[in-house]
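> Here's a structure for you.
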Amino acid sequence: MPVPAPNLYPPFNIVRLSHVELIVTDLAASRAFYVDTLGLQVTDETERTVWLRAMEERGHHCMVLHKGDVPSVNYLAYKVFSENDLDGAHDWFAARGHTVEWVDRDYQGRTLRTHDCFGAPMEFYFRMDRLAPIHQQYALYRGVKPLRIDHFNCFAPNVDEAVAFYNELGFRVTEYTEDEETGRLWAAWTHRKGGVHDIAFTNGTGPRLHHTAFWVPTPLNIIDLCDLMSTTGYLKNMERGPGRHGISNAFFLYIRDPDGHRIEIYCSDYQTVDPDLEPIRWDLKDPQRQTLWGAPAPRSWFEEGSLFANVALSESDMKAQPIIAP
């Protein structure tokens, strides 16, 4: 299936990805990981929930940690351009038979909850409480010095279907991996905000969240985090990297939180705001698509991900696979 042409006039206007709510089993351990080690800032907390933001963000939160019995993902959230776009989203999803409901979320205005083509929960909002800027309060910087949330990556049982669905919502493909034998997409990177991606899709059993990524200032921040994690009890939480992706050109490190949720630390990708920018094609068997320096990703990177709460899984029928480290 060919990559669809950019949809420049979607039925409602999504500005960017916004935040994720993770269900964690040990809230104190997760708080220590995300705050003391990674360096996210606490904006509020209760006995069961912690709200976090990164250093450049003015919105109240980019991540919500909520205590539960089973590690999972409650939803992925997106900011829309206006209140009217919320109504447009409601009507668009409802007309296609998707469950839609207005939900109450702390520190947000009207919030729409629905789901994508595979059942993965999506939430949309326009208003979120604004906080004072802290990006020049350098005494607060610690850990990897995360500046902002950057993207999600999800396992999808059919990447062509995922791309077609999100294309209807205005997400534009920047890069993609294609199986030369079948012509099917194995992975695709799609954006709204003008970076390489707000959400990407990787072939596999899904829907599952593969990772959430945070943008950092330089590759040296990632090196510093490696030193910090390797000497503070988190050596086994470092899954892949550091390295440079072929796709996106970004410098990266993949780590796992105490419940196994995967986080990518990420910098140095490129701007994609031109509406006629042509997507870059990669062959599935090209080892440099994964890592420009040639090292293949570990098997866990292709097989393990976070479940969406109460969402049924479907297996992919695609047999083609990239090179995987033994």
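> Out of all the residues in region 38-90, which are under 17 Å from residue 142 (Cα atoms) and of a type in the set (S, T, N, Q)?
Of everything in region 38-90, those that are under 17 Å from residue 142 (Cα atoms) and of a type in the set (S, T, N, Q) turn out to be 41, 43.
> So which pairs qualify, if the first residue must be in region 262-281 and without any contact (Cβ under 8 Å) to a residue 40 or more places away in the chain, the second must be part of a loop (DSSP other than H, G, I, E, B) and open to solvent by 80 Å² or more (accessible area, probe 1.4 Å), the Cβ gap must be under 9 Å, and the two must be at least 6 apart or on different chains?
Cβ pairs passing all conditions: none.
> Restricting to region 117-127, and then to whatever is touching a helix residue (DSSP H, G or I) at 6+ places or on another chain (Cβ under 6 Å) and either among the acidic types (Asp, Glu) or not in a strand (DSSP E or B) (or both), can you tell me which residue is farthest from residue 80 (Cα to Cα)?
117
> Only one of these is in contact (Cβ under 8 Å) with a residue 60 or more places away in the chain and touching a strand residue (DSSP E or B) at 6+ places or on another chain (Cβ under 9 Å): 42, 64, 50, 20. Name it. Give the derivation first.
Working: 42 fails: in contact (Cβ under 8 Å) with a residue 60 or more places away in the chain; 64 fails: in contact (Cβ under 8 Å) with a residue 60 or more places away in the chain; 50 fails: in contact (Cβ under 8 Å) with a residue 60 or more places away in the chain.
Step by step, each of 42, 64, 50, 20 is checked, and only 20 is in contact (Cβ under 8 Å) with a residue 60 or more places away in the chain and touching a strand residue (DSSP E or B) at 6+ places or on another chain (Cβ under 9 Å).
> Wholly within region 1-89, which strands (runs of 3 or more DSSP E) include no fewer than the required count, namely at least 3 residues that are open to solvent by less than 50 Å² (accessible area, probe 1.4 Å) and within 21 Å of residue 255 (Cα to Cα)?
The qualifying strands (runs of 3 or more DSSP E) are 14-24, 49-53, 63-67, 72-80.
> Tell me whether region 219-227 contains one or more residues that are β-branched (Val, Ile, Thr), open to solvent by less than 20 Å² (accessible area, probe 1.4 Å) and either closer than 21 Å to residue 155 by Cα or within 15 Å of the chain's Cα centre (by Cα) (or both).
No, because not a single residue in region 219-227 is β-branched (Val, Ile, Thr), open to solvent by less than 20 Å² (accessible area, probe 1.4 Å) and either closer than 21 Å to residue 155 by Cα or within 15 Å of the chain's Cα centre (by Cα) (or both).
> A further question on this structure: Out of all the residues in region 111-151, which are among the aliphatic types (A, V, I, L, M) and either open to solvent by less than 20 Å² (accessible area, probe 1.4 Å) or within 22 Å of the chain's Cα centre (by Cα) (or both)?
Residues satisfying the conditions are 112, 120, 122, 128, 134, 144, 147, 149.
> With the condition kept exactly as written, say whether any residue in region 171-190 is surrounded by 22 or more Cβ atoms within 10 Å (Cβ to Cβ) and in a loop (DSSP other than H, G, I, E, B).
Within region 171-190, one or more residues are surrounded by 22 or more Cβ atoms within 10 Å (Cβ to Cβ) and in a loop (DSSP other than H, G, I, E, B).
The values are calculated or read from the model by the stated rules, or taken from the named source; none is laboratory data. Predicted model, so just to flag it, every value in this text is computed and none were measured. Reconstructed Cβ throughout: ideal geometry from the backbone, glycine too, with neighbour counts over all protein chains shown. The protein model used for the area step is the full one, side chains on, heavy atoms only, and it has no ligands, DNA or RNA in it. Shrake-Rupley method; radii C 1.70, N 1.55, O 1.52, S 1.80 Å.
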